[in-house]
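In what follows, a structure is listed as structure tokens, so that the remarks can point back to it.
Please treat every number below as a calculation from the coordinates, not as lab data. In this text the structure is predicted, and so the values were computed from the model without any measurement. Virtual Cβ from ideal backbone geometry, glycine too; neighbours counted across all protein chains shown.
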Amino acid sequence: MVAGRGRDTAGTATGRGRRAGTLGAVALLALGAGALVIAAALPDGGEAVLRGNLPVNAGATDPLDLTSHNSPTLARSPRDSDVVAVANRIDTPRFSCALHVSADGGATWSPTPVPFPAGEEEPPRCYAPDLAFDPDGRLYLSFVTLRGLGNTPNAAWVTSSTDGGRTLSTPVRVAGPLTFQVRLSTHPDRAGKLYLSWLQADETATHALPNAGNPIVLSRSDDGGANWSDPVRVSPPGRARVVAPSTAVGPGGQLYLAYLDLREDRLDYHGAHGGQGGPPYDGTWSLVVSRSGDEGRTWAETVLDDGLVPTERFVVFLPPSPSIAVDGGNGRVYAAFHDGRLGDADVWLWSSEDAGASFTGRRRVNDTAQSDASAQYLARLAVAPGGRLDVVYYDRRADPENVRNEVSLQSSSNGGRSFGSRMVLSDGPFDSRIGYGGERDLPDLGSRLALTSSDRQVLAAWSDTRSGTIVSQKQDLALAVVAMTRPSPARAPLRVAGVVLVVAGAVLVAVQALPKRRRPSRAPIAGMLSRR
């Protein structure tokens, strides 16, 4: 009986141990599964188009309105996120410009007449506008006036608005004739501090700048545009064929200006193509970023890439623009442009961790198969306050003929080292051959797209051609509003904890399932001894 009780006690203990181990494993599995479920329910940084292809210009829905709206710039008021403004140039039926404002975050738009300066040539012709809000919510708009049969720039002007763009002040003249590709920026921390950059030409010809050596310059205003400094040369004299300045201002007022050096490209710069389409220039360009830490008085430059491969011809007055943006939190600088080094147009990104002194890259942004014979081009960058980098660009991947555009958005949450999959913003494809110059096989969809980003929302605008034909050249501005969900800070730790718990539980289950080696029982020996 003693031996029997020993066997029962050992078996009971073993059973209890196995049951306890099994219960522990099940508990770990349950905890891990619960953590994974909770992590999955938390925001993961996704996005969704709230509203797509919203018409901006009033004529977008009017078949009798044949104006060509392109090259938009978007700006959102830092004082009221519902106040948004967009400015763009108009190429046909006559050169002009437009300003539209929204008080409901871009859902609806109203045009604002741009005041025409006294003494300028009639009929009034403003052109190539740009805009920006300052930290106090004051809106500034730059533009040029045109003169003569050749529509030559006569002067550069800046006007402002204190009511969200509904009305504009009397324009102030900043610069004189032949000011091309004018761009406007504001200081992120100091209200009323403005920067205006442009390409200063000395002479023009049909589709051409006949002389090399035209510089990119910059002027500064410290009093809200009432007065302006003398222009300072940004591009060095050794760069003879520079175009397309694009500016950005970093935290603390560090100035950045990206531009293209066309090097020996006489085909585009000197108009050797005669305004007719055909193969692009067969050499290479350089992408340059200049920086200034003393409000634009002196400049130093960094060459990001001296092997850009052109993908199309263009008219030198209206070149494609690189994009530059600064992370206001950490000062990281980003620049983007497209080239054809892989056989078709791809969007490339460069980034700087040392305030523009050096850049790393190149990183290919578009998530298409390499050398797939489709074009992705004319990227625009924006950085949300939380550090997310957004890139919007024209995209022809869906068209085997590489003609019809979509508009794609991709984002990076790790400083541009990698990008999420693309989101299509346009609700249908549109023809890239429609626009000014389309009848000459040199169509112009504009020099840039528009983008503004917050932590919760992205606004993007582009030139859409679905209401036009190659004959009419009609282009309209379209806008997409995208909701961006910030990832929860608890999501990643919970996911890791859940995986660890599930793995630990699975290991315990496996261990409990292994056959147990029985240890020899001492009960028979005890029984034998008792019988003796």
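Is the C-alpha gyration tensor of the range 47-484 telling us rounded, prolate or oblate? Criteria: a/c under 1.5 is rounded; beyond that, a/b larger than b/c is prolate, otherwise oblate. Rounded, because the longest to shortest axis ratio a/c is under 1.5. Here the spin labels are modelled as points 7 Å beyond Cα on the Cα-Cβ line, and at residue 483 and residue 418 they lie 2.7 nm apart. Give, as ranges by residue number, the residues of the range 140-172 whose backbone N falls under 20 Å from the point 7 Å along Cα→Cβ of residue 230. Within reach of a label on residue 230, which here means backbone N under 20 Å from a point 7 Å along Cα→Cβ, the range 140-172 contributes 156. The ranking of 424, 84, 289, 392 by Cβ neighbour count inside 10 Å, starting from the fewest, reads 424, 289, 84, 392. Using +1 at the Cβ of each Lys and Arg and -1 at the Cβ of each Asp and Glu in the range 47-484, identify which of 99, 77, 179 lies farthest towards the dipole's positive end. Comparing the listed Cα positions along the dipole, 77 ranks first.
In the range 379-483, with Lys and Arg counted as +1 and Asp and Glu as -1 at Cβ, which of these residues, 393, 383, 470, has the Cα nearest the positive end of the dipole, that is, farthest along it? About the Cα centre, the residue reaching furthest to the positive side is 383.
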